[in-house]
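Asks: Mind having a look at this structure? Questions to follow.
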Amino acid sequence: MRRLKKIILFSVIGLVLIIFTILGIEAIFQRHTQDMIYKDISNVPPAKTVIILGASVHADGKLSPILKDRVDTAIKLYRNNKVQNFLVTGDHRSDDYNEVAAMVGYLEENGINRNLIISDHAGLDTYDSMYRAGKLFGVKNAIVVTQQFHLPRTLFIASKLGLEYMGLAADQRAYQTEYRLKQREKLANIKALWEILLKKKPSTLNARLISKDHN
């Protein structure tokens, strides 16, 4: 019985420590990036490039609500003369799934000249997208558009990579998967911190994956 009580006690202590660690990392990211995040497009300082982070695309090639809001927000930045060009970065690890082509197609459908769009088909996660944007594409100053819950991790990574990025929240509606994504974000923060501490280089540092457009 005593052994069981000790096991339960240590398990509870361990769980509490894990929870405090997760919440502590989240608080650090939020505090570090709070002055980099904007909700009102009129307050965002101009930058040369807007970076659109990929998200899920439906089987028919249509953008998910989360991704559509990101791209629409980027278009608004351009039309308000806040940015000059676009870097779209997302997952295209297989021939039958291409977030980047879907985003490029949507931008063109909304009047954006193809010459203004840079494509990164190897932005497999947030860290890779930020690393490649700075190291491979040479984007040192940019506005990143993604949802509010995603911006602290994104901008914390960017700042630790020496990139002067700002963020504009792309939230334009309530999302069905928002609660699940927010919980996932807490765990993703741990992964991001680990990658930063290790000074990780993406496995996708491959010129073949730069500006490769498949429709």
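Nothing in this text is a laboratory measurement; each read-out follows from the coordinates by a stated rule. Source: prediction; values computed, not measured. For neighbour counting, all protein chains shown are included, and Cβ atoms are generated from backbone atoms with ideal geometry for every residue, glycine included.
Asks: Could you state the orientation-averaged shadow area of the convex hull built on the Cα atoms of segment 1-75, in nm² to one decimal?
Replies: Mean orientational projected area (segment 1-75, Cα hull): 9.2 nm².
Asks: Give me the number: length gained by fully extending Leu198 to Lys140, i.e. 0.36 nm times residue separation minus the C-alpha to C-alpha distance, one decimal in nm.
Replies: 18.7 nm
Asks: Let me ask another. Taking a temperature of 20 °C and a viscosity of 1.002 mPa s, what whole-number D in µm²/s does Stokes-Einstein yield for segment 39-95 with Rh from Kirkwood over alpha carbon pairs?
Replies: 174
Asks: Let me ask something additional. Specify the residue with the greatest mean-square fluctuation among Lys68, Lys82, Lys200, computed from a Gaussian network of the chain linking alpha-carbon atoms under 10 Å apart.
Replies: Greatest mean-square fluctuation among the candidates belongs to Lys200.
Asks: Hey, can you rank 102-112, 171-181 by average C-beta count inside 10 Å, highest first?
Replies: Going from most to least packed, we get 102-112, 171-181.
Asks: Related question: Would you mind computing, in nm to one decimal, how far apart the modelled labels at Ser42 and Val12 are, each placed 7 Å from Cα along Cα→Cβ?
Replies: Taking the simple label geometry, Ser42 and Val12 are separated by 5.4 nm.
Asks: While we're on this one: Note down, for the chain, the three equivalent ellipsoid semi-axes (square root of 5 times each alpha carbon gyration tensor eigenvalue), biggest first, whole angstrom.
Replies: Listed largest to smallest, the semi-axes of the chain are 33, 19, 17 Å.
Asks: How would you order 14-21, 190-197 from highest to lowest mean count of nearby Cβ atoms within 10 Å?
Replies: Result, highest mean Cβ count within 10 Å first: 190-197, 14-21.
Asks: Evaluate the distance, in nm, between pseudo-label points positioned 7 Å from the Cα of Gln148 and of Arg3 along their respective Cα→Cβ axes.
Replies: Distance between the two pseudo-spin positions: 5.1 nm.
Asks: Could you give the DSSP H helices of the chain that reach 20 angstrom or more along their long axis (alpha carbon positions) and whose average Kyte-Doolittle hydropathy is no lower than -0.5?
Replies: The answer, listed by residue number, is 2-33, 65-79, 178-198.
Asks: I would also like to ask the following. Can you list residues from other chains, or at least 5 along the same chain, whose modelled amide H is less than 5 Å from the amide H of Val139?
Replies: The answer is Gly134.
Asks: What spacing in nm lies between the two simple spin-label points modelled at Lys191 and Asp96, each 7 Å away from Cα in the Cβ direction?
Replies: 2.3
Asks: Sum up the charges of everything whose Cβ sits under 12 Å from the Cβ of Tyr179, counting Lys and Arg as +1 and Asp and Glu as -1, but leave Tyr179 out.
Replies: Local charge sum for Tyr179: +2.
Asks: Given the pairs Lys62/Lys201; Lys48/Lys68; Lys39/Lys201; Lys76/Lys199; Lys76/Lys200; Lys68/Lys191, which are separated by over 29 angstrom at their Cα positions?
Replies: Lys62/Lys201; Lys39/Lys201; Lys76/Lys199; Lys76/Lys200
Asks: So how much slack lies between Ala27 and Arg173, counting 0.36 nm per residue of separation and subtracting their Cα-Cα distance, in nm?
Replies: So the extension gain works out to 50.1 nm.
Asks: At 222 nm, what value in deg cm²/dmol follows for the chain if DSSP H runs of at least 4 each add -39500 (n - 2.57) and the sum is divided by all its residues, to the nearest 500?
Replies: Helix-only estimate at 222 nm: -15500 deg cm²/dmol.
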